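Data block below; observations after.
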Amino acid sequence: MMQRDNIDRAMAIMETAFDPQWGEAWNRRQLEASLAVPGTHLLLANQAGGIAELDEEAVGFTLSRSVAGEEELLLIAVVPEYRNRGIGSSILSLFLKQATSRGIGVIFLEMRANNTAKSLYKKYGFVPIGRRKDYYKTAEGSRLDAITFSLTI
Ligand SMILES: CC(C)(COP(=O)(O)OP(=O)(O)OC[C@H]1O[C@@H](n2cnc3c(N)ncnc32)[C@H](O)[C@@H]1OP(=O)(O)O)[C@@H](O)C(=O)NCCC(=O)NCCS
């Protein structure tokens with residue numbers, strides 16, 4: 001029940017946060033399937049960058065999956081009208097704190113090469129460790145590399 005509410009809240013953010021030209025947004029079916037896998041974590045952020053209580057509006061989220069002491073940050077998003085005021089930073093830092101308390105030692109993420117989120121990841125100490133050539137296909141059909149980042153915590 002609560003899980004379904006949280007899926008609704010995350011999907012509402014998903015629909016405005018991702019520019020369709022990059023094809024990065026997940027649909028509801030993908031999000032539901034992901035959350036059914038053990039070790040998948042959805043964190044919802046309120047307007048102050050804290051964890052959104054059930055009665056609070058959620059304006060950002062992280063989605064991650066942990067396996068054997070490693071965790072992948074699958075998605076991070078903040079709705080456009082609440083950007084550039086530290087909510088993305090704040091939710092990323094809450095995510096890192098929770099991952100640490102789960103005993104995670106290393107975080108991975110993958111990002112399209114031209115994403116401005118890069119500066120956010122670098123601020124938290126993520127380092128680029130690999131590049132997958134032409135991994136993403138844009139709406140216009142051109143290709144973009146994916147960069148893999150890792151952070152040891
Ligand atoms: C990435 C994202 C979550 C950042 O959220 P945010 O709330 O704007 O983040 P913050 O306000 O905490 O800014 C974090 C840092 O990102 C950088 N940043 C934010 N907006 C930026 C912009 N428009 N251009 C360049 N850098 C930017 C800054 O370095 C900032 O650091 P600072 O606080 O030292 O200035 C948000 O832009 C987003 O939802 N983007 C679309 C979804 C996406 O592409 N997610 C990543 C791949 S899954």
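We did not get these values from a lab; they are worked out from the coordinates using the rules stated. In this text the structure is predicted, and so the values were computed from the model without any measurement. Neighbour counts are summed over all protein chains in view; Cβ atoms, including those assigned to glycine, are modelled from backbone coordinates with ideal geometry.
For the stretch 2-152, taking the reciprocal of the average inverse distance between every pair of different Cα atoms yields a Kirkwood hydrodynamic radius of 15.8 Å.
Summed over qualifying helices (DSSP H, 4 residues or more, each -39500 (n - 2.57)) and divided by its residue number, the chain shows a 222 nm mean residue ellipticity of -9000 deg cm²/dmol.
Across q = 0.22, 0.31 Å⁻¹, the stretch 99-140 modelled as identical point scatterers on its alpha-carbon atoms has Debye log10 I(q)/I(0) values of -0.86, -1.20, in the order of the q list. For the stretch 1-94, what is the charge dipole size about the Cα centre, in debye to the nearest 20, if Lys and Arg each add +1 at the Cβ and Asp and Glu each add -1 at the Cβ? With only Lys, Arg, Asp and Glu charged at Cβ, the dipole is about 120 debye. Neighbours of Thr16 by Cβ distance under 15 Å: Lys/Arg scored +1, Asp/Glu scored -1, total -3. Computed over the stretch 43-126, the quotient of the alpha carbon radius of gyration and 2.2 N^0.38 Å is 1.07.
Our note on the geometry: Cα centres of the stretch 107-153 and the stretch 1-20, 22 Å apart.
Counting Lys +1, Arg +1, Asp -1, Glu -1, what net charge surrounds Leu31 among other residues with beta carbon under 14 Å of its beta carbon?
Numbers: positive: Arg4, Arg9, Arg28, Arg29, Arg65; negative: Asp5, Asp8, Glu15, Glu24, Glu32.
Net charge in that neighbourhood comes out at 0.
Going by neighbour counts of Cβ atoms within 10 Å, the residues Asp8, Asp145 line up, fewest first, as Asp8, Asp145. Modelled spin-label separation between Arg85 and Lys122, with each label point placed 7 Å from Cα along the Cα-to-Cβ direction: 2.6 nm.
Would you mind counting up the charge near Leu94? Only other residues with Cβ under 14 Å from its Cβ, with Lys and Arg at +1 and Asp and Glu at -1. Don't skip to the end; give the middle numbers.
Details: positive: Lys97, Arg102; negative: Glu53, Glu71.
Summing Lys/Arg as +1 and Asp/Glu as -1 gives 0.
Compare the Cα positions of Ile91, Asn114, Ala10 along the charge dipole of the stretch 2-152 (+1 at Cβ of Lys, Arg; -1 at Cβ of Asp, Glu; about the Cα centre) and return the one farthest towards the positive end. Towards the positive end, the residue furthest out is Asn114. Among Leu109, Leu74, the ranking by other beta carbons within 10 Å of each residue's beta carbon, starting with the fewest, stands as Leu74, Leu109.
Using Cβ contacts closer than 10 Å as the measure, can you line up Val37, Val59, Val106 from fewest to most? Let's see the in-between values first.
Details: Val37 9, Val59 26, Val106 13.
Ordered by Cβ neighbours within 10 Å, fewest first: Val37, Val106, Val59.
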